[in-house]
């Protein structure tokens with residue numbers, strides 16, 4: 001008896017069983033998750049080494065968060081010490097409530113810091129995977145891989161997620177907000193978007209301003225493009241819920257703003273002339289553009305030299321006719337992302353540029369997105385010239401979900 005073996009099927013089984021399959025799109029998230037765990041471990045070990053091999057947060061703000069959380073668990077909310085008058089020294093309204101369970105289960109001292117780092121590790125992992133998903137949806141696998149690995153290898157973001165602060169979780173919440181926007185706006189299901197937006201608004205004052213602006217612009221966009229619907233009211237939930245911290249501050253302290261902002265921002269100093277405040281703020285902005293986004297502060301900036309022009313090219317390409325999906329929904333998302341980035345820089349300029357502009361770190365993902373998109377565009381342009389015309393990416397067959405290229409091979413009869 002003769003047995004016929006299909007050569008194509010044999011080749012396919014050989015490829016599927018080879019190590020090459022580990023580098024296909026199916027395993028991208030696995031590699032990103034593994035990289036997130038490895039980089040977090042390395043960063044944590046270096047932190048221990050720098051502190052003499054004992055747990056120590058890199059910022060005093062972390063101790064402030066932990067102290068308010070401990071007081072909350074002990075039944076003395078908003079008191080820094082038992083018996084003190086209520087204060088708003090914790091600049092994140094909801095973060096002490098997130099840390100309080102550590103003290104309720106008996107994790108005192110620096111053990112609570114480990115709990116805070118665990119929360120931030122989960123946030124880091126979620127942020128990396130969702131950012132990869134955004135890139136995949138907006139520009140395909142090349143953009144997605146650049147987004148995921150750029151975010152993962154951003155040193156100051158790794159520091160941010162292991163400082164025990166709320167800024168890492170806040171950055172992940174913003175990424176989650178735009179990921180849900182991308183998935184839920186086309187379907188009209190807005191309750192999850194409202195929930196994540198509310199979470200970001202309660203984490204940081206800037207989050208309330210930025211998410212509220214994004215939600216109002218989205219409401220206008222939906223009303224103009226699809227007509228009015230009562231379900232759009234979900235978009236106002238973050239705006240209204242984010243007013244809660246101001247109301248609590250007003251009731252407990254007699255002033256709506258957090259006292260940390262009052263003590264840090266020069267704009268709350270009454271005796272400084274306005275022109276001096278403006279000059280100093282503009283100077284901070286110009287220095288930040290040079291040091292961070294042009295990558296000229298080598299060793300401190302996570303971005304390569306002259307990154308800003310490439311990111312601007314990516315943003316222009318996204319707003320123009322070059323995006324993979326030219327639907328108005330995608331274009332409006334790019335408008336929201338760019339507006340969020342620009343307004344966030346303006347808002348954060350009201351605070352001093354301490355720790356190399358650490359207040360700007362949660363918005364790095366937006367800059368990484370357009371830097372990656374600009375690089376992809378430049379690579380396609382170079383590929384077009386090398387290949388003699390036409391986009392080299394569009395000449396390739398579309399990849400399969402699991403094993404790129406295999407299902408597109410011709411089948412033998």
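Every read-out reported here was derived from the displayed coordinates using simple, explicitly stated rules and does not represent laboratory data. No experiment lies behind these values; they were computed from the predicted model shown. Here the Cβ positions follow ideal geometry from the backbone for every residue, glycine too, while neighbour counts run over all protein chains shown.
By counting other Cβ atoms within 10 Å of each Cβ, how are 334, 76 ranked from fewest to most? Intermediate results must be reported in sequence, preceding the final value.
On the way: 334 20, 76 16.
Going from sparsest to densest Cβ surroundings: 76, 334.
How high is the relative contact order of the stretch 204-328, given as a whole-number percent (alpha carbon pairs under 8 Å, six or more residues apart)?
Values: 64 pairs, mean separation 13.0, N = 125.
Averaging sequence separation for qualifying contacts and normalising by length gives 10 percent for the stretch 204-328.
Among 77-90, 117-130, what's the highest-first ranking by average C-beta atoms within 10 angstrom per residue?
117-130, 77-90
Taking a point 7 angstrom from the Cα of residue 74 along the C-beta vector, which residues in the stretch 90-133 have backbone N less than 12 Å away?
109
I'd like the projected area of the stretch 184-241, averaged over all directions, using the convex hull of its alpha carbons. Report it in nm² with one decimal. Could you put the intermediate results ahead of the total?
Values: hull surface 13.6 nm².
Directional mean of the projected Cα hull area for the stretch 184-241 stands at 3.4 nm².
At 37 °C and 0.692 mPa s, grab the translational diffusion coefficient of the stretch 38-144 from Stokes-Einstein with a Kirkwood Rh over Cα pairs, rounded to a whole number in µm² per second. Before the final figure, lay out each step's value.
Numbers: Rh = 15.8 Å.
Rounded, D is 208 µm²/s.
Which order do peptides 36-45, 363-372 fall in by mean Cβ count within 10 Å, highest first?
Working: 36-45: 15.1, 363-372: 24.6.
Order by mean packing, descending: 363-372, 36-45.
Based on the mean of other beta carbon atoms within 10 Å per residue, what is the order of 229-237, 198-206, most packed first? Don't jump to the answer; show the numbers that get you there.
Working: 229-237: 14.7, 198-206: 25.0.
Packing proxy ranking, top to bottom: 198-206, 229-237.
Please express the shape of the stretch 36-85 as an equivalent ellipsoid: the semi-axes are the square roots of 5 times the eigenvalues of the C-alpha gyration tensor, given largest first in whole angstrom. Mind dumping the intermediate values first?
Values: eigenvalues 188, 28, 12 Å².
Ellipsoid semi-axes (Å, largest first): 31, 12, 8.
Treating the Cα atoms of the stretch 96-199 as identical point scatterers in vacuum, please give the log10 of the normalised Debye intensity I(q)/I(0) at q = 0.10, 0.12, 0.18, 0.23 Å⁻¹, two decimals.
-0.34, -0.47, -0.89, -1.16
In whole Å and largest first, what semi-axes does the C-alpha gyration tensor of the stretch 125-177 yield when each eigenvalue is scaled by 5 and square-rooted?
So the equivalent ellipsoid measures 21, 12, 6 Å along its semi-axes.
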